[in-house]
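The values are calculated or read from the model by the stated rules, or taken from the named source; none is laboratory data. Because the structure is a prediction, the values reported are computed rather than measured. Cβ atoms come from the backbone with ideal geometry, glycine included; neighbour counts cover every protein chain shown.
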Amino acid sequence: MLQAGYLRIPCALGRSGITAFKREGDGGTPLAAMAVLGAYVRGGRRGKPVRLPGLPVRRARADDGWCDAPRHPAYNRPVRLPLGASTETMQREDGLYDVVVVLDWNVRTRARGLGSAIFLHIARPGYRPTEGCVAVSRRDMDRLAPFLKLGARLVVRR
């Protein structure tokens, strides 16, 4: 469950559960307090756009990516595609990244191999596990929007 103020909403976590020893590709969601840094929103989809007035929001473009290759100099950073190293595309066709809130897991103080691209994003049907992110329904992302501000923290506990 994800709790924000009075809201308690279901969420999906990583396929390996919660981990205190996050490593790249392990499928775990970090046991951590992660600052909210900003967001990407994909345009051109049906439905009203999510409003995130408390965050810097970037409209995701086709060449927006996030590097998840630990040996690359841009590891755990936004990049332009194509990169020539392993990346996440910020315009996924499955809709999971229609709204992406960037969390400060290994971003501001970066260490290679300790995990990358840990986001709050849209959940798969049935809240199937993520690769390490926290995911909620599109409807619940709208409900969370007033709580998603610079300085807010997403805390993952057991």
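Take G17 and decide whether it is at pLDDT 95 or above and over 17 Å from L148 (Cα atoms).
yes
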- Item | Selection within region 125-157 - free of Cβ contacts under 8 Å to residues at least 60 places away in the same chain and either on the phi < 0 side of the Ramachandran plot or assigned to a strand (DSSP E or B) (or both) | P125, R139
- Item | Which numbered condition G65 fails, given (1) of a type outside the set (S, T, Y); (2) outside any strand (DSSP E or B); (3) modelled with pLDDT of 95 or more; (4) over 19 Å from Q3 (Cα atoms) | (2)
- Note on the structure: Going through region 78-91 in order, the residues found to be free of Cβ contacts under 8 Å to residues at least 24 places away in the same chain and either at negative phi or not in a loop (DSSP other than H, G, I, E, B) (or both) are P78, V79, R80, L81, P82, L83, A85, S86, T87
- In region 19-60, which residues are among the β-branched types (V, I, T), over 14 Å from I122 (Cα atoms) and within 15 Å of the chain's Cα centre (by Cα)? T29, V36, V57
- Answer from T109, T89, T130 - the residue that is of a type in the set (S, T, Y) and loosely packed, with under 14 Cβ neighbours inside 10 Å: T109
- In region 18-57, which residues are exposed (fewer than 14 other Cβ atoms within 10 Å of the Cβ), more than 11 Å from G115 (Cβ to Cβ) and either touching a Cys at 6+ places or on another chain (Cβ under 7 Å) or not charged (D, E, K, R) (or both)? A20, A33, G43, G44, G47, P53, P56
- Message: Residues to consider are V107, V100; find the one that is in a loop (DSSP other than H, G, I, E, B), β-branched (V, I, T), over 12 Å from G14 (Cβ atoms) and in contact with a Leu (Cβ under 8 Å, 6 or more places away or on another chain).
- Response: V107
- Within region 4-12, is there a residue that is part of a loop (DSSP other than H, G, I, E, B), farther than 22 Å from K149 by Cα, more than 16 Å from the chain's Cα centre (by Cα) and of a type in the set (G, A, S)? no
